[in-house]
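What follows is one structure encoded as structure tokens, with my remarks underneath.
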Amino acid sequence: MNPSEFLQKYKQVPKVGALVDQLKSSDKIQLGLSGMAGSAISVVAAAAYRSVPKPFVFILSSREAAAYFFNDLENLLEEKDLPYEKRNIFLFPSSYKKPYETPDVDNANVLLRSEVINRLSSETRKFIVVTHPDALTEKIVARKVLKKNTLTLHQDENTSVDFILELLLEYGFYRVDFVVEPGQFSLRGGIVDVFSYSNDFPFRIEIMGDQVESLRTFNPESQISLEKLKKITILPDISQMTSKYEKEDFFSMLPSHTVFWNDDTFFAKERIQNAFDAAAHIFSTLTSGVKHSTPEELFIDGEAFLSKISEFSLVEFRRHYLTAEGETDFDFHFSPQPSFNKNFEILIKNLTEKTIKGFTNFILSDNPRQVSRIHSIFEIVAQEKQQDGYFKHQTLPISLHEGFID
């Protein structure tokens, strides 16, 4: 059973179908989900996303929770191994640990943020963004500024090496012998290698005369080409642009029909307010002669967050803060997975009892070797129990499929 077949089973659940119908509505809606446990919200949301023609933004309580949730969705929607150009699921983290201190900027997170901002500013496809409160408090470069400072190239387009190099230097890229990280470019004859801040791999641009002959990504370690492209987008370091140009909040980049899914809206508001207050305190202690942007120019506060998010449709799936009492429309009655403490006999007994009650059992893993190992252990335990007469009138309640055991 593959992830698509698994999600299809959830799409057939009446409550999921009713949730999808609500989300498809053209009206702004506020829904509360209850009875969620474990990764249930990931599965329900992934199943809904397949049928709802709208962007989804998920706000988890912390960076770690967002990363786990993102990993769940990558696997369920089968995007884990896709290149950036084909992805529709993105992680939007905070770019630094402490405001106003350049050494604390996380370059990897800057790249992830750039990928999201680039997609929001240039694409109309539906998407999923997974984020957390600390990331939302940071303002981003305004859409019009980003468009002005982005280089887009198409295959067969008329251009020159000199023009590309001039723009790269203007955007803050620096020349090296071999590119290995975002912000670098190299030149060999009519071939320009450049590592954009909005892509997982660098681009190789081949210019023949005054025309783009080919565009492709390549592995910077092996120099081997990965994929031919018809179009590329080269984005500079937006974290450096933030201090120089007009900024706007993350919400301003989103289509009006975006649906927000919040873990805990009240906690998010408090977390964003605390981050704003911390930035304001640091700003008040700065003594350098360098002029810094004010906290109001760089961040939003808790009240602004509530005001902005109230403009969109909202699904709250843990603590209901904006949805009124009694407005919880969907109670899924999920229960936490029991603790088996690596005791497979107890696990098999639980699966058997669930089967007798009419449940279908699924054990999920993104590692085929782990699935094979679990299945082998089950067979060994089942043989031992069958010898003891445990399965005299019933069979082991699992069978092996690629990707899942059910």
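The values are calculated or read from the model by the stated rules, or taken from the named source; none is laboratory data. Predicted model, so just to flag it, every value in this text is computed and none were measured. A quick note on method: Cβ atoms are made from the backbone with ideal geometry, for glycine too, and the neighbour counts reach across all protein chains shown. Accessible surface areas use protein heavy atoms only, side chains included; no ligands, DNA or RNA. Shrake-Rupley method; radii C 1.70, N 1.55, O 1.52, S 1.80 Å.
The residue of region 25-49 that is surrounded by the fewest Cβ atoms within 10 Å (Cβ to Cβ), among those that are of a type in the set (A, V, I, L, M, F, W, C) and not in a helix (DSSP H, G or I), is Ala37. Quick check: is even one residue across region 226-247 open to solvent by less than 50 Å² (accessible area, probe 1.4 Å), free of Cβ contacts under 8 Å to residues at least 24 places away in the same chain and not in a strand (DSSP E or B)? No, region 226-247 contains no residue that is open to solvent by less than 50 Å² (accessible area, probe 1.4 Å), free of Cβ contacts under 8 Å to residues at least 24 places away in the same chain and not in a strand (DSSP E or B). Within region 14-24, can one find any residue that is part of a helix (DSSP H, G or I), within 20 Å of Asp263 (Cβ to Cβ), open to solvent by 40 Å² or more (accessible area, probe 1.4 Å) and in contact with a helix residue (DSSP H, G or I) (Cβ under 9 Å, 6 or more places away or on another chain)? Looking through region 14-24, at least one residue is part of a helix (DSSP H, G or I), within 20 Å of Asp263 (Cβ to Cβ), open to solvent by 40 Å² or more (accessible area, probe 1.4 Å) and in contact with a helix residue (DSSP H, G or I) (Cβ under 9 Å, 6 or more places away or on another chain).
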